[in-house]
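Visitor: What follows is a structure written as structure tokens; I'll ask about it next.
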Amino acid sequence: MLARTQPHQIPDGPFDSNAKTLVLLQCHFSRKAVPADLRTDQKEILKTAVKLIQAIVDVISSNGWLKPALAAMELSQMVVQALWNKDHVLKQIPHFTDAIVNRCTS
């Protein structure tokens, strides 16, 4: 049910831990509430994701690959700020909703 409301489609096939992780990350980026039984899983995924992405940035940067390094850093910001990369920068401010951002920009 939660997977159907995400902006990016879940790949066809069995709903395994990879698909669950993808759904929970998309919920985090979209700032959608998840059921209580999935909240613990989401917190664990986010803690692990931050460490993993930092390691990816280190490896990519040490090899001198600029574009992949920038993409990994952008993903890291998305995880930390709970925002999609296309979201307005004002949504980084706590408690700012789409309505408040629209009022600020108009």
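Visitor: Residue by residue through segment 6-46, note down the ones that are within 26 Å of Gln92 (Cβ to Cβ) and aromatic (Phe, Trp, Tyr).
Guide: The one that is within 26 Å of Gln92 (Cβ to Cβ) and aromatic (Phe, Trp, Tyr): Phe29.
Visitor: Do you know which residues across segment 31-51 are surrounded by 15 or more Cβ atoms within 10 Å (Cβ to Cβ) and within 20 Å of Ala71 (Cβ to Cβ)?
Guide: Matches in segment 31-51: Ile45, Leu46, Ala49.
Visitor: Might you check whether a residue that is under 15 Å from the mean Cα position of the chain (by Cα), closer than 20 Å to Ala71 by Cα and at pLDDT 90 or above occurs anywhere in segment 3-21?
Guide: Yes, segment 3-21 has at least one match.
Visitor: Here's another thing I want to ask about it. Test of understanding: among Gln6, Gln81, Gln26, which residue is closer than 27 Å to Thr105 by Cα and either open to solvent by 50 Å² or more (accessible area, probe 1.4 Å) or in contact with a strand residue (DSSP E or B) (Cβ under 6 Å, 6 or more places away or on another chain) (or both)?
Guide: Numbers: Gln6 fails: either open to solvent by 50 Å² or more (accessible area, probe 1.4 Å) or in contact with a strand residue (DSSP E or B) (Cβ under 6 Å, 6 or more places away or on another chain) (or both); Gln26 fails: either open to solvent by 50 Å² or more (accessible area, probe 1.4 Å) or in contact with a strand residue (DSSP E or B) (Cβ under 6 Å, 6 or more places away or on another chain) (or both).
The match here is Gln81.
Visitor: Note down all Cβ pairs under 7 Å where the first residue falls in segment 78-90 and is under 9 Å from Ser30 (Cα atoms), the second is basic (Lys, Arg) and not in a loop (DSSP other than H, G, I, E, B), and they're at least six residues apart or on different chains.
Guide: So the pair list comes out as Leu83/Lys91.
Visitor: For Asp58, indicate whether it is open to solvent by 60 Å² or more (accessible area, probe 1.4 Å) and part of a loop (DSSP other than H, G, I, E, B).
Guide: So Asp58 fails the test.
Visitor: Still on this structure: Among Arg103, Arg4, Arg39, Arg31, which is the only one that is charged (D, E, K, R) and on the phi > 0 side of the Ramachandran plot? Outline the logic, then answer.
Guide: Values: Arg103 fails: on the phi > 0 side of the Ramachandran plot; Arg4 fails: on the phi > 0 side of the Ramachandran plot; Arg39 fails: on the phi > 0 side of the Ramachandran plot.
That would be Arg31, the only listed residue that is charged (D, E, K, R) and on the phi > 0 side of the Ramachandran plot.
Visitor: Out of all the residues in segment 9-23, which are part of a helix (DSSP H, G or I) and exposed (fewer than 11 other Cβ atoms within 10 Å of the Cβ)?
Guide: Matches in segment 9-23: Ser17 only.
The values are calculated or read from the model by the stated rules, or taken from the named source; none is laboratory data. Quick caveat, the model's predicted, so the values are computed rather than measured. Don't worry about glycine lacking a Cβ; one is built from the backbone with ideal geometry, like all the others, and counts go over all protein chains shown. Ligands, DNA and RNA are excluded from the accessible area calculation, which covers all protein heavy atoms including side chains. Shrake-Rupley method; radii C 1.70, N 1.55, O 1.52, S 1.80 Å.
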